[in-house]
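Everything on this sheet refers to the single structure shown next.
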Amino acid sequence: MQTKPEAMLAEHLQAHPFLQETAELYTELTAAVQAAVVPAALPEAEACAALVQDGVPLLQNKELQATFVKVAAAALPEVLAACQKRELPEAVHKAVADWAIWSDEAGRKEVQHFFQLLLQQQDAEVALFAAQAKLPVTVLRLVGWDIVEALVPGELKQAAFWTEHGWQKNYCPVCGRQPVMAQLKKESEANGAERFLSCGGCHTQWHFTRIGCVYCGNKDTEQLPIFIPDDGQVRLDTCNKCRSYIKTYVGHGQEQVLLQDWATLHLDVLAEEKGLSKHGNVIVAQE
């Protein structure tokens, strides 16, 4: 019997069959990582909330980051072994196998260095690291962030938790990445729809102001055009000032699917045709 998320995914793929191969890749990798990784033993939730009061995301805290890097590096061999057992495209399977060989031969500090670069969002250095290791950077970033996401305890990814503790910044309270998607949802009958941002790295969600560009802060509504595709479930909120966009889910009932960036790749094509820039995607290096 299908679970609700699986049923929603099947429905979405039936409507967008060109996404089938992409969906299979993401779901297979995610399943492998989730099977091999358990959440890290971070400080109690309230202590974590206290650590970010100065605006520094949780995993950018030097001491906590150092611990998290060690845990992520230790999880890598088992994750790669699990990935090799999944039905992946040939090129991805080879990349995972090559990475496993590399990790067996590399020193512990080299593996930790990769996760440190990843968490610090040193994209140029991650690309150099991949080139020197002769490994595809896209697979390293994708699997690496899947491991980070799996290590973050579920409570710390919930919008309600960060709303309670007043986080209203335009970057993730857990890992510090820019948001990759947004969602409009009505929290109460008394208020209108509110905006929540979603991190493409650790999948944390948090509340953010309804009006304005989530990247540059532009609040001139005449410079913030909205494009609504035919299906109306996800729209493009754009900014003429910084020439960026964020995909915003405005529907209801398919959150498990449509808050995943890969599920709306057709909208990225539309945005690219308009000359707009993408932010927050884990496999796209930021300038």
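Only one of Gln286, Gln260, Gln256 is buried (at least 16 other Cβ atoms within 10 Å of the Cβ), under 22 Å from Asp123 (Cβ atoms), modelled with pLDDT under 85 and not aliphatic (A, V, I, L, M); which?
Sole residue among the options that is buried (at least 16 other Cβ atoms within 10 Å of the Cβ), under 22 Å from Asp123 (Cβ atoms), modelled with pLDDT under 85 and not aliphatic (A, V, I, L, M): Gln260.
Residue-level analysis places Pro77 outside the set of residues that are part of a loop (DSSP other than H, G, I, E, B) and not charged (D, E, K, R).
Of all residues in region 57-86, which are out of contact with any helix residue (DSSP H, G or I) (no Cβ under 6 Å at 6 or more places or on another chain) and among the acidic types (Asp, Glu)? Glu63, the sole residue that qualifies.
Considering region 95-145 alone, what residues qualify as being farther than 27 Å from Glu63 by Cβ and charged (D, E, K, R)?
Asp98, Asp104, Glu105, Lys134
List the strands (runs of 3 or more DSSP E) inside region 128-224, counting only whole elements, that have at least 2 residues being within 22 Å of Val234 (Cβ to Cβ), in contact (Cβ under 8 Å) with a residue 60 or more places away in the chain and of a type in the set (A, V, I, L, M, F, W, C). Correct list: 179-186. Take Lys169 and decide whether it is modelled with pLDDT of 95 or more, open to solvent by 60 Å² or more (accessible area, probe 1.4 Å), under 16 Å from Ser277 (Cα atoms) and not hydrophobic (A, V, I, L, M, F, W, C). Spelling it out, it is not the case that Lys169 is modelled with pLDDT of 95 or more, open to solvent by 60 Å² or more (accessible area, probe 1.4 Å), under 16 Å from Ser277 (Cα atoms) and not hydrophobic (A, V, I, L, M, F, W, C). Screening Asp104, Asp98, Asp146, Asp123 for residues that are open to solvent by 10 Å² or more (accessible area, probe 1.4 Å) and either touching a helix residue (DSSP H, G or I) at 6+ places or on another chain (Cβ under 6 Å) or within 16 Å of Val69 (Cα to Cα) (or both) leaves exactly one candidate, Asp146.
The values are calculated or read from the model by the stated rules, or taken from the named source; none is laboratory data. A quick note: this is a predicted structure, and the numbers were derived from the prediction, not measured. Reconstructed Cβ throughout: ideal geometry from the backbone, glycine too, with neighbour counts over all protein chains shown. For accessibility, only protein heavy atoms count, side chains too; no ligands or nucleic acids. Shrake-Rupley method; radii C 1.70, N 1.55, O 1.52, S 1.80 Å.
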